[in-house]
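J.: Here you go, one structure.
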Ligand SMILES: Cc1cc2nc3c(=O)[nH]c(=O)nc-3n(C[C@H](O)[C@H](O)[C@H](O)COP(=O)(O)O)c2cc1C
């Protein structure tokens, strides 16, 4: 018997991750989405991947834009994570009031994060109810200090 969806979700929830805001921009429109299904893929060439729900507003914007940046949140950025994970709040996914600059690809780079990786999408793989966006790395930056916001068992956490 395969696991139920809830069992599967709970099992994968035991995999502790960081939290990122994936940003993209196209035709003057900028957009952010909270994501933890992000991983490094290749060093030569440098590539990362992002899994985006086909039902998310971000999905089509990511596809149209052909670029995305992964902004890795620090432990004091839970509020911004909630904002970009919660569709209920008005213009939650635009970047009004969120300090940022436009990166090399045209994707927004958020301020106050631990690191960012700015990518051009080179492949979109169909994967059930998600699409895997594979991005070739155009630019990246990081802070030497700081601690990450974590996600484990459906809850935020901090390093001890
Ligand atoms: C910690 C956390 C991680 C998430 N990771 C992802 C993810 O990797 N991919 C995804 O499609 N949605 C993920 N979500 C859900 C989206 O952030 C959420 O569905 C959001 O409302 C999508 O916004 P949109 O419809 O404007 O694109 C995550 C949510 C949280 C709280």
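J.: When you scan the stretch 26-42, how many residues do you find that are without any contact (Cβ under 8 Å) to a residue 24 or more places away in the chain, more than 14 Å from residue 94 (Cβ to Cβ) and either away from the ligand (no atom under 12 Å from the Cβ) or out of contact with any strand residue (DSSP E or B) (no Cβ under 8 Å at 6 or more places or on another chain) (or both)?
T.: Of the residues in that region, 2 qualify.
J.: Next question. Please give the number of the condition residue 73 fails out of (1) away from the ligand (no atom under 12 Å from the Cβ); (2) closer than 16 Å to residue 140 by Cα.
T.: Condition (1) is where residue 73 drops out.
J.: Continuing with this model, one more query. Since residue 23 meets every condition but one in (1) at pLDDT 95 or above; (2) surrounded by 16 or more Cβ atoms within 10 Å (Cβ to Cβ); (3) more than 12 Å from the ligand (Cβ to nearest atom); (4) closer than 15 Å to residue 120 by Cβ, which condition does it not meet?
T.: Among (1) at pLDDT 95 or above; (2) surrounded by 16 or more Cβ atoms within 10 Å (Cβ to Cβ); (3) more than 12 Å from the ligand (Cβ to nearest atom); (4) closer than 15 Å to residue 120 by Cβ, residue 23 violates only (3).
J.: If only one of 100, 93 is away from the ligand (no atom under 12 Å from the Cβ) and within 27 Å of residue 158 (Cβ to Cβ), which one is it?
T.: 100
J.: Another one. Please list, ordered by first then second residue, the pairs with beta carbon atoms under 7 Å, 6 or more apart or interchain, first in the stretch 52-63 and in contact (Cβ under 8 Å) with a residue 40 or more places away in the chain, second in a helix (DSSP H, G or I) and within 7 Å of the ligand (Cβ to nearest atom).
T.: 52/58; 52/59; 53/59
J.: Would the stretch 137-150 turn up any residue that is away from the ligand (no atom under 12 Å from the Cβ), within 17 Å of residue 31 (Cβ to Cβ) and either in contact (Cβ under 8 Å) with a residue 60 or more places away in the chain or assigned to a strand (DSSP E or B) (or both)?
T.: No.
J.: Which numbered condition trips up residue 105, out of (1) in a loop (DSSP other than H, G, I, E, B); (2) touching a helix residue (DSSP H, G or I) at 6+ places or on another chain (Cβ under 9 Å); (3) under 18 Å from residue 19 (Cα atoms)?
T.: (3)
J.: Another question, if that's okay. Being part of a strand (DSSP E or B) and under 24 Å from residue 156 (Cα atoms) is the filter here, so list the residues in the stretch 36-67 that pass it.
T.: 38, 39, 40, 48, 49, 50, 51, 52, 53, listed by residue number.
J.: Is at least one residue of the stretch 43-66 more than 8 Å from the ligand (Cβ to nearest atom), surrounded by fewer than 22 Cβ atoms within 10 Å (Cβ to Cβ) and under 16 Å from residue 150 (Cα atoms)?
T.: no
The values are calculated or read from the model by the stated rules, or taken from the named source; none is laboratory data. Because the structure is a prediction, the values reported are computed rather than measured. All Cβ positions, even for glycine, are placed from backbone atoms using ideal geometry, and neighbour counts span all protein chains on display.
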